[in-house]
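Asker: Can you keep this structure in mind? I'll have questions shortly.
The values are calculated or read from the model by the stated rules, or taken from the named source; none is laboratory data. Bear in mind the structure is a predicted one, so any value in this text is a computation, not a measurement. Cβ: placed from backbone, ideal geometry, glycine included. Neighbour counts: every protein chain shown. The accessibility values were calculated without ligands, DNA or RNA, using every heavy atom of the protein model including side chains. Shrake-Rupley method; radii C 1.70, N 1.55, O 1.52, S 1.80 Å.
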Amino acid sequence: MTRPVLAVHAARSVQAQWQRLLAAALPDFEIRLSPDLGAAEDIAYAAVWSPPPGFFAGMAGLRGVFNLGAGVDRIVGRDDLPPAVPVVRLVDAGMAAQMTEYILYGVLHFQRRMDVYARQQAGRQWQAQPARPAAETSVGILGFGTLGRHAAGHLKALGFQVRGWSRSAHRMDGVACFHGKAGLEPFLSGTDILVCLLPLTPATRGIVGTGALAALPDGAALINPGRGDLVDHEALLAALDDGRLAGALLDVFPQEPLPKAHPLWRHPRVRITPHVAAETLPEPSVTQIAENIRRIERGEAPVGLVDPAAGY
Ligand code: NDP
Ligand code: OXD
C-alpha cells in the first residue's frame, strides 16, 4: 500500500534532520525532501520554510501546509497555492522563550544606556549617564500575540511599564492594552522602547514609518524582530540621523542578508543581528506538526491555522 507523502523544503543543511524527526513522529508517512519530491500529485502535506515560487504547483492532493516558523508572509496569498488548502504556522514551539531573551537584551541595552556607553568607549570617554529606572521606562509591544504576550510577562516581572497593541482587544494584568487604528497613536505616544512583533500583512507593511516614529517620545528606541518590511527604513534612518530616535536593534530586513552597502550596517546607533531572534527548534516543531496532521486527518481544525483574509 502506498503511504501518504509529506514533502519538506528547508535549508539543505537541516533537511535530513527534519526527515529523521518527522519519520519517527509520523511512521505512516513517506517523508520526501526538496527538490526530489517525485510526482507533485502524490503530496498530501508540505512542511516548508520559504519555498521558491511555483513550489506548490501541481500538488492537487495537498491537505495542509505547515510553515516551519511563526511568520507566514512567504506563504499566504501565493498564486501557486489553492486558497482552500489550510496553512498552519508554528505557535511558540520553543520560540517564545528565545524571543523574550532577545527582547530583554534589547530593552536592557537601551534602558541601561549600553548604546551610549559603546559609543563613549570608542572615544575612551568616562561619563556616567543619568539613571532611568525600569519603573519609569515604558516598553510598547506592537503585535500582542503568542510572542508579544510572553515577552510582556517577563518585562512586567522586571518592573518595566508594559503596553501592547493588537488588532482585537486583549487584557493582561498590569499591562496597558491598546488595539485597532484608534489605539495606535496613544500606544506610541507613551512608548519609550518600541518592540515590533507584528506579522507582515498588507495591513502592517510599513507601519513603522515617518508618522509612527514621530508619534514616539523624543529619545525612544526601536527593537524589530518582526519583519523588515514592517519598518520604512528611509524614515528610520532619518529619525536616527536627527537624533529623535536614540537607537535601533534590528534582526530582520526587507532583503536578507542585508546588502553589504546598506547604510544601516555602519550606522553608529544601530545594532544588527542576522535573523536569529527566535530560531525554529526541530523537536518541538515536529511534535506540533504531527499533532496537527492527526487533527486534520480526524476532521478537526489544526492549532495555528492561518486566516488567509487577515494574512496571519
Ligand atoms: P501571533 O499571530 O501570535 O501574533 C500576532 C499579533 O499581531 C497579534 O496580537 C495580532 O492581533 C497582531 N496583529 C496582526 N495584524 C495586526 C494589525 N493589522 N493591527 C494590529 N495588530 C495586528 O504571532 P507570533 O507572536 O507568533 O509572531 C509574531 C511575528 O514574529 C511573526 O509573524 C514573525 O514575523 C515574527 N517572528 C520573528 C522571528 C525572528 O527570529 N526574527 C521568529 C518568530 C517570529 P490579534 O491578537 O488581535 O490577532
Ligand atoms: C519565524 C522566523 O517567523 O523565524 O519563525 O522569522
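Asker: List, please: which pairs have Cβ atoms under 6 Å, are six or more places apart or on different chains, and start with a residue in the stretch 223-238 that is within 12 Å of ligand 2 (Cβ to nearest atom) and end with one that is in a helix (DSSP H, G or I) and open to solvent by 20 Å² or more (accessible area, probe 1.4 Å)?
Answerer: PRO225/TYR102
Asker: Ok, one more. One residue is enough: does the stretch 291-307 have a residue meeting the conditions out of contact with any Lys or Arg (no Cβ under 8 Å at 6 or more places or on another chain), part of a helix (DSSP H, G or I) and of a type outside the set (D, E, K, R)?
Answerer: Yes: the stretch 291-307 contains one or more residues that are out of contact with any Lys or Arg (no Cβ under 8 Å at 6 or more places or on another chain), part of a helix (DSSP H, G or I) and of a type outside the set (D, E, K, R).
Asker: Please state which of the following conditions VAL270 fails to meet, knowing it meets all the rest: (1) in contact with a strand residue (DSSP E or B) (Cβ under 9 Å, 6 or more places away or on another chain); (2) open to solvent by 70 Å² or more (accessible area, probe 1.4 Å).
Answerer: Result: VAL270 passes all but (2).
Asker: Would you tally the residues in the stretch 273-290 being open to solvent by 20 Å² or more (accessible area, probe 1.4 Å) and either at pLDDT below 95 or within 15 Å of the chain's Cα centre (by Cα) (or both)?
Answerer: 8
Asker: Next up: Test ALA261 against the stated conditions and say whether it is of a type in the set (Gly, Ala, Ser) and touching a helix residue (DSSP H, G or I) at 6+ places or on another chain (Cβ under 9 Å). Break it down stepwise before answering.
Answerer: On the way: of a type in the set (Gly, Ala, Ser): yes; touching a helix residue (DSSP H, G or I) at 6+ places or on another chain (Cβ under 9 Å): no.
For ALA261, the condition - of a type in the set (Gly, Ala, Ser) and touching a helix residue (DSSP H, G or I) at 6+ places or on another chain (Cβ under 9 Å) - is not met.
Asker: Search the stretch 1-29 for residues being in a loop (DSSP other than H, G, I, E, B) and closer than 14 Å to LEU68 by Cα, and hand back the single one that is most open to solvent (accessible area, probe 1.4 Å). Break it down into steps so the answer makes sense when it comes.
Answerer: The first filter runs over the stretch 1-29 and keeps only residues in a loop (DSSP other than H, G, I, E, B), leaving 1-4, 10-11, 26-29.
This time we only want the ones that are closer than 14 Å to LEU68 by Cα, so: 10-11.
Numbers: ALA10: 14, ALA11: 56 Å².
In this case the residue turns out to be ALA11.
Asker: In the set THR287, THR201, THR280, which member is in contact (Cβ under 8 Å) with a residue 40 or more places away in the chain, more than 16 Å from ligand 1 (Cβ to nearest atom) and of a type in the set (Ser, Thr, Tyr)? Don't jump to the end; show me each part of the working.
Answerer: Numbers: THR201 fails: more than 16 Å from ligand 1 (Cβ to nearest atom); THR280 fails: more than 16 Å from ligand 1 (Cβ to nearest atom).
Matching residue, one of THR287, THR201, THR280: THR287.
Asker: Can you report the number of residues in the stretch 145-191 which are in contact (Cβ under 8 Å) with a residue 40 or more places away in the chain, in a loop (DSSP other than H, G, I, E, B), touching a helix residue (DSSP H, G or I) at 6+ places or on another chain (Cβ under 8 Å) and within 18 Å of GLY106 (Cβ to Cβ)?
Answerer: Counting residues in the stretch 145-191 that are in contact (Cβ under 8 Å) with a residue 40 or more places away in the chain, in a loop (DSSP other than H, G, I, E, B), touching a helix residue (DSSP H, G or I) at 6+ places or on another chain (Cβ under 8 Å) and within 18 Å of GLY106 (Cβ to Cβ) gives 2.
Asker: Looking at GLY145, GLY183, which one is surrounded by 12 or more Cβ atoms within 10 Å (Cβ to Cβ) and within 16 Å of ligand 2 (Cβ to nearest atom)? Even if it seems obvious, please write down each step before you answer.
Answerer: Working: GLY183 fails: within 16 Å of ligand 2 (Cβ to nearest atom).
Selected residue: GLY145, the only one of GLY145, GLY183 that is surrounded by 12 or more Cβ atoms within 10 Å (Cβ to Cβ) and within 16 Å of ligand 2 (Cβ to nearest atom).
Asker: Follow-up. Could you please find all residues in the stretch 56-76 being within 23 Å of the chain's Cα centre (by Cα) and away from ligand 2 (no atom under 16 Å from the Cβ)?
Answerer: If we filter the stretch 56-76 for residues that are within 23 Å of the chain's Cα centre (by Cα), which is where we start, we get 64-76.
Across the stretch 56-76, the qualifying residue is only GLY64.
Asker: Can you tell me which of ILE293, ILE223 is under 16 Å from VAL91 (Cβ atoms), open to solvent by less than 10 Å² (accessible area, probe 1.4 Å) and of a type outside the set (Phe, Trp, Tyr)? Step through it out loud before you land on a result.
Answerer: Details: ILE223 fails: under 16 Å from VAL91 (Cβ atoms).
It is ILE293.
Asker: Specify which of the listed residues (HIS150, HIS154) is open to solvent by 50 Å² or more (accessible area, probe 1.4 Å) and within 12 Å of ligand 1 (Cβ to nearest atom). Working first, answer last.
Answerer: Numbers: HIS154 fails: within 12 Å of ligand 1 (Cβ to nearest atom).
Within the list HIS150, HIS154, the selection yields HIS150.
Asker: Right, something else. Inside the stretch 208-237, can you point out the residues that are in a strand (DSSP E or B) and within 14 Å of GLU256 (Cβ to Cβ)? Spell out how you get there, then give the answer.
Answerer: Just the residues of the stretch 208-237 that are in a strand (DSSP E or B), to begin with: 208, 220-224, 231.
Passing the criteria: ASN224, VAL231.
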